[in-house]
Amino acid sequence: MPRPFAQPAAPPGTLSFSVLGPLRVHRGDRALPLGPLKQRVVLATLLGSANSPVSVDTLTEAVWQDEPPRTARKNLQVYVSALRALLADDDPDRPRLTHTGGGYVLRVAEDELDLLRFRSLVRAADGQGPRPAARLLRQALDLWQGPPLGGDLRQSPRLAEEAGRLELRHLAAYEGWAEAELELGGATAVVEGLRDLVERHPLRERLRSAWMCALSGSGRQAEALAAYDDYRQLLARELGLEPGGAMAARYRMILAGDDRAGAGAAARPPAALPPDLVDFTGHVEELRYLVDLLEDDSAGRTVLLSGPAGAGKTTLAVRAAHLLGDRFADGRLCVCLRDADGRTRSLSTVLTELGERTGQGGLSGPEEWREWLAEHRVLVVLDDVPDERAVRPLLPCGGRGRVLLTARGQLGGLAPVHRVSVPPLGTAESVQLLAGLVGQGRVRADREAALRIVRACGGSPLAVRVSGMRLAVLRHLPLREFADRLTDPAGALDELTSGDVSVRRRLAHGWEALPEECGRDAGRLAAGTGEGPFGLTEAAEALGCDERHAVRVVEALIDAGMVTSPCGEVTAHAAQYEIPHLIRLYARGSGLGTPAMASG
């Protein structure tokens, strides 16, 4: 466990703030009296967003989570005034606590707040070798003095949620430190601390895996194998899942007596992947099947994840790649085949990036890339593939490397390829994802509105995530009001924007990439069929053709990722088809498929 943080002697008059433990403020060596609970809640909320505006509504919610009194704003002013007096320093031109158009801002330097120092040290450790990473992460962990925002502050649900997020950051930093120490051969130094944390977080796979390594590296192989077996049974009992591929591989190494499973086994192979989402939600069956395919040496060398824009294909691919770290000893990397504007990148540009990522420098052509891929145990994620031509020269012809593709369409011209469709999220999974972004308390307070929001998102993880990100910023906006906005077809897509993330823009990129005739047919179907599944007769009426021609059109749209077949065989006369909800909204809102558009 982290060692107690020794507060360095501070010059008289210097302020220091602590939230990684009990809330404390020191001026020099003297602890300042922070006042009553509500005043301390205001201070803790401001420190959680140090140097950024915190709205009056956010402070009000933190202090009075249920029904604020009519005097709430005046009471906040009293607390802020008291804090200004308490924190006043010698520079009247730069007050600590100010009011701006966006709310109150508490100005704090990095060396004055333990949370800012912690974040800085963790960032500095990212990408470092094991020795500097272990040193930096140890410094970060030494800042902790107990449960964050401990004591009665957690009576505020908002601060309780913030404390939970901080504890997860602490846990991730501890895991990183332990893995670096294991790589340096320090199994005995971390084994007991890891055991204590595993007892408190029994389902945390990365933590359990590091503990297995530490036990094995300390000569306690039997205990390491028992730790895996306990985890496997717990996972099956609680979640109906099996351990991830990386952990299963480590178990096999320990079982075989492989020395790499002990000291230094936590060292991860080189990876150039996007971060794995800590709130990954849903698609459990697809993830399990995908990992099994990529682990199976007898399976094909290429796997395709397909689904409409925003279905969560990239997130699923990245999660699988992170889980399979031990399976691909020569590394894992992810390269996108489209640019930021949705245009197809040239083959030479993609090859240049692949060469840089793999340390090959300038690749002379696809043949050299395929030779390297055949010789290395590597997993390559080729993301957002526009069509077969863009990716065919990059696929393996055999050998050790594996390629995982994501695409909106089925890429029917590629063979042999294992295809995995990514379905919409279920309602419960969507609500779980939304709650992780806006807070469980906010969803519990108006579950009906939360259900309306996720249903309006049509099972799209992207749309649910954008809704959650927007609501997390607009803390004053009731879920019910946002649900009303989303259920208005004319403005729903305009609401699904947060910062530089736009669902409409993502859909537009997909539509612009379609052949003209394909886009026209998709627009006609969206305009001429109702919400939900439709049959071949309805499709023929919407397209203005006979059923024989309609089935060819619909199957072409399935291949392009614009239409799905939720049940039955797509070639059967009685098959049911469906246009994903957000694609239908985009087509109707953009006027695609209207008679004027169709005739053009």
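A few comments on the model shown:
- Taking amide H as placed 1.01 Å from N in the peptide plane, the amide H of Val381 sits under 5 Å from that of Leu333, Cys334, Val335, Leu404, each at least 5 places away or on another chain.
- Surface composition of the chain: carbon and sulfur atoms hold 51% of the protein heavy-atom accessible area at a 1.4 Å probe.
- In this simple spin-label model, placing a label point 7 Å from the Cα along the Cα-to-Cβ direction at both Glu481 and Gln77 gives a separation of 2.3 nm.
- Nonlocal amide H pairs with Arg338, under 5 Å, H built at 1.01 Å: Arg345
- Dipole moment magnitude, nearest 20 debye, the range 412-517 about Cα centre, only Lys, Arg, Asp, Glu C-beta charged: 480 debye
- The chain: angle of helix 37-48 to the longest principal axis, Cα-based, in degrees nearest 10: 50 degrees
- Using θ = phi - 60° and Karplus 6.51 cos²θ - 1.76 cosθ + 1.60, couplings along the range 428-435 (whole Hz; Gly, Pro as x): 4, 5, 5, 5, 4, 5, 4, 5
- Rolled with a 1.4 Å probe across the full set of protein chains, the surface gives Cys334 an accessible area near 20 Å².
- Pairwise FRET efficiency - Cys545 versus Ala124, Cβ, R0 = 41 Å, nearest 0.05: 0.05
- Using heavy atoms of the protein chains and a probe of 1.4 Å, the accessible area assigned to Lys38 is about 80 Å².
- For the pair Glu516 and Asp339, label points projected 7 Å from Cα toward Cβ lie 2.3 nm apart.
- Euclidean distance of C-alpha centroids, the range 457-514 and the range 131-155, integer Å: 36 Å
- FRET efficiency for Asp230 and Ala31, using Cβ-Cβ distance with R0 set to 56 Å, rounded to 0.05: 0.80
- Working from label points 7 Å from Cα in the Cα-to-Cβ sense, the Asn51 to Asp142 distance is 2.3 nm.
- Surface per residue (accessible, 1.4 Å probe) for the range 18-65, Å²: 37 Å²
- Positive-pole candidate from Ile558, His509, Leu363, dipole of the chain, charges at beta carbon: His509
- Stretch gain in nm, segment Ala415-Arg588, where the contour uses 0.36 nm per residue and the Cα spacing is subtracted: 58.8 nm
- Shown in residue order for the range 473-485 are the 3J(HN,Hα) couplings computed by the Karplus curve 6.51 cos²θ - 1.76 cosθ + 1.60 at θ = phi - 60°: 7, 8, 5, 7, 7, x, 4, 5, 5, 5, 4, 4, 5 Hz (x for Gly and Pro).
- Measuring r between the beta carbons of Asp111 and Arg84 and using R0 = 22 Å, the FRET efficiency lands at 0.50.
- For the pair Glu356 and Glu368 in one chain, pulling the backbone fully straight at 0.36 nm per residue adds 3.0 nm over the alpha carbon distance.
- Folded to 0 to 90 degrees: helix 313-323 orientation relative to the chain principal axis, Cα: 60 degrees
- Each Lys and Arg contributes +1 and each Asp and Glu -1, all at the Cβ; summed about the Cα centre of the chain, the dipole is approximately 1440 debye.
- A dipole drawn for the chain from +1 and -1 charges on Cβ atoms has a positive end, and of Ser156, Ala187, Leu43 the residue lying farthest that way is Leu43.
- Net lengthening on full extension, Arg131/Glu238 (0.36 nm per residue, minus Cα-Cα): 34.8 nm
- Listed residues Leu496, Leu373, Ala317: farthest to the positive end of the dipole of the chain (Cβ charges): Leu496
The values are calculated or read from the model by the stated rules, or taken from the named source; none is laboratory data. Since the structure is predicted, the reported quantities are computational estimates derived from the model, not experimental observations. So basically every Cβ, Gly included, is an ideal-geometry build from the backbone, and we count neighbours across all protein chains shown. Accessible surface areas use protein heavy atoms only, side chains included; no ligands, DNA or RNA. Shrake-Rupley method; radii C 1.70, N 1.55, O 1.52, S 1.80 Å.
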